[in-house]
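One structure is given here, and the rest of the page talks about it.
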There are 2 protein chains.
Amino acid sequence: MDPLNLQTHTEHITNPLYLESGRILEPYDIVYETYGHLSETKDNVVVVTHALTGSHHAAGLYEGDNKPGWWDGLIGPGKAIDTDRFFVICSNVIGSCFGSTGPMSPMLPSDEPYRYKFPVITVKDMVKAQRILFDKLGIHRVHAIVGGSMGGMQALQFAVHYPNFADRIVAMACTHATQPWTIAFNKIAQEAILKDPDFKSGYYDPADIKENGLTGMAVGRMAGHISFLSPHSMERKFGREYKRTDGLYELFGKFQVESYLEYNGYNFTKWFDPLSYLYITKAINIYDLSRGFDTLEEALLRIRSRLYLVSFENDMLFIPEEMRVMADILAKEKTTPVDYLEVKSDYGHDAFLVELEKFKEYVREALEHGI
Amino acid sequence: MDPLNLQTHTEHITNPLYLESGRILEPYDIVYETYGHLSETKDNVVVVTHALTGSHHAAGLYEGDNKPGWWDGLIGPGKAIDTDRFFVICSNVIGSCFGSTGPMSPMLPSDEPYRYKFPVITVKDMVKAQRILFDKLGIHRVHAIVGGSMGGMQALQFAVHYPNFADRIVAMACTHATQPWTIAFNKIAQEAILKDPDFKSGYYDPADIKENGLTGMAVGRMAGHISFLSPHSMERKFGREYKRTDGLYELFGKFQVESYLEYNGYNFTKWFDPLSYLYITKAINIYDLSRGFDTLEEALLRIRSRLYLVSFENDMLFIPEEMRVMADILAKEKTTPVDYLEVKSDYGHDAFLVELEKFKEYVREALEHGI
């Protein structure tokens, strides 16, 4: 038997989901993966939450794939999120394009996709939908929620809005509210997608895009890739290496970094949906833990989970200060235990996916003992 | 009489310009402005060099304009670059679109623009063309060369390749060689321009673009505007302010930072030429002071000017380290006097255009006494 016990499920939910905007999503599907085994008392659940372009496939290998889930180094038997001990659930957020209901899902009872008729969703909505899923699974309290980037936002949103739901929250490489620098990067992608004639104002044929790519989304993703790295990691990764077969004085001659961006940009359009990209970046942009409260402090004081905040020194997308401000508030107010770690790193935002060595023992400790 | 004594001239040069690539540009025009008065012995010349989208119009007001030249706060009677004392020359670089020969200039004897037949030019070529202009003006040695960003690159290229030409070099907010992070930002713009159908593979009608804009260049310019600021300055400038007339849960509702990027991005396409943008960003990308030498050190050891290097703490396009490495080499080798200033600022790259208060006395001192 697979020691990871990877299972994929889809939950079809027919009750209406009341969204923050006042709109309603119904019915909707949530696809999720689980790893490990649920204990009889259901007290060993760890929820893992994914980032913008992530999915429920956080660990293990699908048959025929050569790349495992996006946090495979962290989740598994004996690993930091130890599936010998914990039952791990990772679900695909609503709005995404990997099986949970999103803008390209059929707007039942018709067969036609929602497209722009899909409601704007928020990180809080993503979390609410997951909470409903867990209720259906008979899970009303979890050992921990762990996530990075938009996954960290979800973890924090859980902490604030369902204070009695999780014993521990580990939020990495994120923020209490998305700042203009990050909104600006998302803007590049949104604008490039919207203005690409092949996007057809949202009425594209997904098969076309999978086959031919979508320049606008590729360009936008290139901007994303800048924000995921840092000047130092780019220098180390690419330096000023030039493509060996290109002339230096050719107008279209390329540096390695340019090839990298092109490859990743265009490749991305083959596996991600442009409308999902618009909706999820919108959710990230309007994410603000303090919405609905008078101050950020008021929001944070609701938290009853043990809180572990992890930032990365050269994260250019969510700078460490944005995490530290939360740690400072809670350290002062002492309403709940909080620990803050700034990981030494010059990699940039992607460190939370790449430099696992630097924080996996921290995560293990947080889950097993508390720090 | 105008105390600034602003004059605009065009020099038509018929001798061939031998480019770094091995190609030849002939004939070519250089448009330039002068401020102040040339002394009889021609010993009071200060050359000012411009950045990517800058021009020869560095100071003063044209009739009917409400915005003065790009460094007007620095150049003028009694100002840091004092036109009561110095004769200031600023020329538009070749490849640009403000009068000097560039890709949209007619490829004489035909009336047709060069477009892609324009040769790739380098920062060294820009400097060579200026040197030839100055020779024609009977100026064989100058008091100082001052520039920021690509202007700083030109100043340094002058220093390395014409070691006896300038007594002083003030280079700001630039680098010894463009690093991959910056190349990546340029890539966004290049890719977005090239793939825009309205760019017509370079065979666009400039009047069309001036009238209707060019989405690809707008998107690229938005990416540029991110790189010109910093997370902190964006936060201060925009915060999370939302357009008052937009709904938070509207997919296309906008934050102020998004409006800012849109406005500046689309506006830019009305006053800058896309082929010039491709050629000049190419020149910036392949800029490397050490090209033609075994090491950067070898290149720098040629310098005989007094060298003033100014970086800005939160410059995200050319990080201070890239300037400091030059200062360190020269401070160690003591082949020429060098001074390095890191300006305290969280504004970002644009500080060299905006936060003049922070370095204008430094420039004055550098030009008047030497520091």
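The values are calculated or read from the model by the stated rules, or taken from the named source; none is laboratory data. Remember, it's a predicted structure, so these values are computed and weren't measured experimentally. We place every Cβ from the backbone using ideal geometry, glycine too, and count neighbours over all the protein chains shown. Ligands, DNA and RNA are stripped out before the accessible areas are found, and what is left, the full protein with its side chains, is counted by its heavy atoms. Shrake-Rupley method; radii C 1.70, N 1.55, O 1.52, S 1.80 Å.
Some notes on this structure:
- Those chymotrypsin sites (Phe, Trp or Tyr not before Pro) in segment A:51-86 that DSSP places in a loop and that have at most 13 other beta carbons within 10 Å: A:Tyr62
- Relative contact order (%) - criterion: Cα under 8 Å, at least six apart; region: chain B: 17 percent
- 5 angstrom amide H check on A:Val142, placed H, neighbours 5+ away: A:Ala166, A:Asp167
- Most mobile of A:Gly292, A:Gly76, A:Gly102 in a GNM of chain A (Cα contacts under 10 Å): A:Gly292
- Inter-copy label distances for B:Lys42: 8.9 nm (label point placed 7 Å from Cα along Cα→Cβ; shortest first).
- Inter-copy separations for A:Tyr62, label at 7 Å along Cα-Cβ, nm, ascending: 5.7
- Residue-span extension gain [A:Asn66 to A:His37] - 0.36 nm each, minus C-alpha spacing: 8.0 nm
- Kirkwood-based Rg to Rh ratio, segment B:182-283, C-alpha trace: 1.02
- Those lysines that a straight Cα-Cα span of less than 16 Å connects to A:Lys42, excepting residues fewer than 8 apart in one chain: A:Lys136
- Placing unit charges on the Cβ atoms only, positive for Lys and Arg and negative for Asp and Glu, gives chain B a dipole magnitude near 400 debye about its Cα centre.
- Largest to smallest principal axis extent of the C-alpha atoms in segment A:232-371, angstrom: 62, 34, 24
- The candidates B:Asp167, B:Asp328, B:Asp350, arranged from most to least accessible area with a 1.4 Å probe in the full protein assembly, appear as B:Asp328, B:Asp167, B:Asp350.
- Shape annotation for segment A:1-136: C-alpha extents along the principal axes are 44, 35, 22 Å, from largest to smallest.
- Debye log10 I(q)/I(0) for segment B:60-161, one point scatterer per Cα, at q = 0.12, 0.13 Å⁻¹: -0.51, -0.60
- Candidate lysines - alpha carbon under 23 Å from A:Lys195, same-chain residues fewer than 8 apart omitted: A:Lys117, A:Lys187, A:Lys210, A:Lys270, A:Lys282, B:Lys187, B:Lys195, B:Lys200, B:Lys210, B:Lys243, B:Lys254, B:Lys270
- Whole-number percent relative contact order across segment B:206-261, with pairs defined as alpha carbons under 8 Å at least 6 apart: 27 percent
- To put it simply, the accessible area of the protein assembly as shown at a 1.4 Å probe is 49 percent carbon and sulfur.
- Rounded to the nearest 20, the Cβ-based charge dipole of the protein assembly as shown about its Cα centre (Lys and Arg +1, Asp and Glu -1) stands at 180 debye.
- Stokes-Einstein D for segment B:246-315, Kirkwood Rh over Cα pairs, 4 °C, 1.567 mPa s (µm²/s): 76 µm²/s
- Value of relative contact order over segment A:1-156, rounded to a whole percent, pairs C-alpha under 8 Å and six or more apart: 28 percent
- Net +/- balance of residues flanking A:Arg168 in space, Cβ distance below 15 Å, scoring K and R +1, D and E -1: -1
- DSSP-loop trypsin sites (Lys or Arg not before Pro) across segment A:121-157, with at most 13 other Cβ within 10 angstrom: A:Arg141
- Within the protein assembly as shown, DSSP assigns beta bridges of which about 35% are antiparallel (rounded to the nearest 5).
- DSSP assigns beta bridges within chain A; of those with both partners inside it, close to 35 percent run antiparallel.
- 10 Å Cβ neighbours from other chains, averaged over peptide B:228-238: 4
- Kirkwood hydrodynamic radius (C-alpha pairs) into Stokes-Einstein, chain A, 4 °C and 1.567 mPa s, D in µm²/s: 61 µm²/s
- Distance between the 7 Å Cα→Cβ label points at B:Tyr203 and B:Thr295: 5.1 nm.
- Just checking the listed ones, B:Gln179, B:Gln154, B:Gln256: in the Gaussian network model of chain B with Cα springs under 10 Å, the one fluctuating most is B:Gln256.
- Cα centroid separation, segment A:27-90 to segment B:303-356: 49 Å.
- The protein assembly as shown: radius of gyration and largest Cα-Cα distance (Dmax), Å: 28.2, 96
- For chain B, built as a Gaussian network whose Cα springs stay under 10 Å, the top-fluctuating residue of B:Glu20, B:Glu250, B:Glu298: B:Glu250
- Unit charges at the beta carbon, dipole of segment B:156-301: most positive-side option, B:Tyr204, B:Gly247, B:Trp271: B:Gly247
- Qualifying lysines (Cα of each under 17 Å from Cα of A:Lys344; at least 8 residues distant if same chain): A:Lys358, A:Lys360
- Size of charge dipole - segment A:172-271 - debye, nearest 20, with Cβ of Lys, Arg +1 and Asp, Glu -1, no other charges: 300 debye
- 10 Å Cβ neighbours from other chains, averaged over peptide A:71-83: 0
- Label point of B:Lys270 (7 Å along Cα→beta-carbon): distances to the other copies' equivalent points are 4.2 nm, sorted ascending.
- Interface of A with B. Using a 1.4 Å probe and counting protein heavy atoms only, the two chains hide about 5100 Å² of accessible surface, both sides summed.
- For peptide A:249-256, the mean count of partner chain Cβ atoms within 10 Å of a residue's Cβ comes to 6.
- Residue-normalised accessible area of segment B:252-352, expressed per residue, 1.4 Å probe, Å²: 36 Å²
- Between segment B:148-222 and segment A:97-127, the alpha-carbon centres lie 41 Å apart.
- Extending 7 Å from the Cα toward the beta-carbon at both A:Lys334 and B:Glu357 defines two label points whose distance is 4.2 nm.
- Here the simple spin-label model places points 7 Å from the Cα toward Cβ, and for A:Tyr18 and B:Ser21 these points are separated by 6.5 nm.
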